[in-house]
């Protein structure tokens, strides 16, 4: 297993117990760069297992946790890992039932992270307040280049917050806000 660079376990039923074993494997496989765990019924406990493994991992660059159910608590665990991890460049958290509180945690992680370049945060429920938190995180982040906020119930106020956050950000090159509730005031 010392040559394994990509592990794709998408669309299984790994759950929190199974992902605990995957997380243990992250400690042993020193070559793994890409870990795809989308749509696996992983909750906040499973997110904690992965986050704990990321604290000391020095090889993983891409983590896909999309389509699970980590929620706000799992987002907090993930954000804690972002603060310390120095190799992760792409993080996918689409469709994870993450709300305003989880968005705040992720934004806090973005403030401290120095490697993440792409965040796929689509199909959660962050709304305008969550968009404000993300915008606050963007003000100090100097590495993120792509941000996906599709279908997040963001309205005019949230779009204005994102625009404000972009004023000081010098690295973001692509922001996707499709299929939200942004009207002419937010445009």
*Helix 100-112 versus the longest principal axis of the chain: what is the Cα-based angle in degrees, 0 to 90, to the nearest 10?*
80
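Arranged by the count of other C-beta atoms within 10 angstrom, fewest first, what order do 167, 120 take? Intermediate values should be presented prior to the final figure.
Numbers: 167 9, 120 20.
So the residues, fewest neighbours to most, are 167, 120.
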_At 7 Å along Cα-to-Cβ for each site, give me the label-to-label distance between residue 143 and residue 164 in nm._
2.7
*Over the Cα atoms of the chain, how large are the radius of gyration and the largest Cα-Cα distance (Dmax), in Å?*
15.8, 54
_Theoretical ellipticity at 222 nm over the chain - DSSP helices of four or more residues, -39500 (n - 2.57) apiece, nearest 500_ = -14000 deg cm²/dmol
*Going by how many other Cβ atoms sit within 10 Å of their own, how do 177, 144 line up, fewest first?*
177, 144
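Below 8 Å, C-alpha to C-alpha, sequence gap of six or more: please give me the relative contact order for the chain in percent.
15
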*Round to the nearest 0.05 the FRET efficiency obtained for residue 87 and residue 9 when R0 = 25 Å and r is the Cβ-Cβ distance.*
0.80
*For helix 127-140, what angle does its Cα long axis make with the longest principal axis of the chain, in degrees from 0 to 90 and rounded to 10?*
80
_Helix 15-28 vs. the chain, principal-axis angle (Cα, 0 to 90°, nearest 10)_ = 70
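For residue 33 and residue 153, calculate 0.36 nm times their separation in residues minus their Cα-Cα distance, and state this gained length in nm to one decimal.
39.9 nm
FYI, it's all coordinate maths here, none of it is from the lab. Every value quoted in this text rests on a predicted model; they were computed, and no experiment measured them. Because the Cβ atoms are built from the backbone with ideal geometry, glycine has one as well, and the counts that use them run over all protein chains shown.
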